[in-house]
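The values are calculated or read from the model by the stated rules, or taken from the named source; none is laboratory data. All values derive from a computational prediction rather than experimental measurement. Backbone-built Cβ (ideal geometry, glycine too); neighbour counts: all protein chains shown. For accessibility, only protein heavy atoms count, side chains too; no ligands or nucleic acids. Shrake-Rupley method; radii C 1.70, N 1.55, O 1.52, S 1.80 Å.
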Amino acid sequence: MFTLLRQENRKLMHYRVIQLFIPFIMIFQFIIAIYAAHYPQLLTPYDAFVNNDYGFIPILFLTITIGSTYLTNERQNGTLRALLYRSYSRTQVLVSKWLTILGLMIGLSGFSTLMSLGLKLSFFRRLPNYGTIWHTWGLNMLSTGLTLLFLMSVVLLLGTLFTSSTPAILTGIIGYFIVTIFNQLCFYLYAKVSWLKWNPLNMINLGEQIQTPQLQQLTRLNLSTLTIGYIAYLLLFLTLANYSFQTRNVSSSRSNKITNQLDALSINC
């Protein structure tokens, strides 16, 4: 399993999009910090810092893209079929990819956080201490991380359902916007129809409710209940993803050629 994880990490680090993303997010956060420094009436330096200079936005879209296409790309290229020939079970292959994507998400979030701290020391050494800035900053990071983790469980499920990368990416990104908009509308429905509060969209509010306890009036669930629901749905989506991957054909027209070559080699041996 550890060998498989190392292979997946090496493979992911060779993705061109990831190699370009590091300088991109540095430039992105630098621009946000400069903008906040020069136009505080539109974006205050305080808001820019406690939101990590909005580095979570490009990280969100990158992880959605990687998570929804990681399996479909390998299925199309035939490498997924070849990997399963190397005595690894489907569950091992899938879990190794999940852990690799999780590590990527944590690593990029950590890099973005260090970048934000560096920008604070460079441009905003004296920020107003509204309700302890570090406390607000920490809660924002926790809220963003929990939201991203939950979204990723859904995206990883989508990645096992599609055989082509393009619809997987579009579904993941469009789905994020739909969830964000519809989640706000659901607050009005929870007050009218009580059982709707148990839907998975409500569980995505866990991070926000930790940060703002008053949100319980809208989610209609206390923090402990929301946490249990969050974990339950997270595990459910991952279980469904594993079931989908176990039952679906991992072959493509290209992978069938590789499979035939592998079969021919095994016969010759």
Checklist outcome for this item: Length gained if R126 through N183 is fully extended, taking 0.36 nm per residue and subtracting the Cα-Cα distance, is 16.9 nm
Checklist entry - Carbon and sulfur: what percent of the chain's accessible surface (1.4 Å probe)? => result 67
Checklist entry - Label I231 and T113 with points 7 Å out from Cα along Cα→Cβ: what is the distance between them in nm? => result 2.1
Checklist entry - Just the accessible area per residue of the chain, please: how many Å² with a 1.4 Å probe? => result 53
Next on the checklist: So for the chain, averaging the separation of alpha carbon pairs under 8 Å that are six or more residues apart and normalising by length, what relative contact order in percent results?
Outcome noted: 27
Item to check | Under 14 Å from the Cα of K97 - aspartates and glutamates, other chains or at least 8 residues apart | outcome: E8, E74
Item to check | Spacing of the two label points (7 Å from each Cα toward its C-beta) at I27 and W195, in nm | outcome: 5.3
Checklist entry - When the helix-only estimate is applied to the chain (DSSP H runs of n ≥ 4, each -39,500 (n - 2.57), divided by the residue count), what is the mean residue ellipticity at 222 nm, nearest 500 deg cm²/dmol? => result -26500 deg cm²/dmol
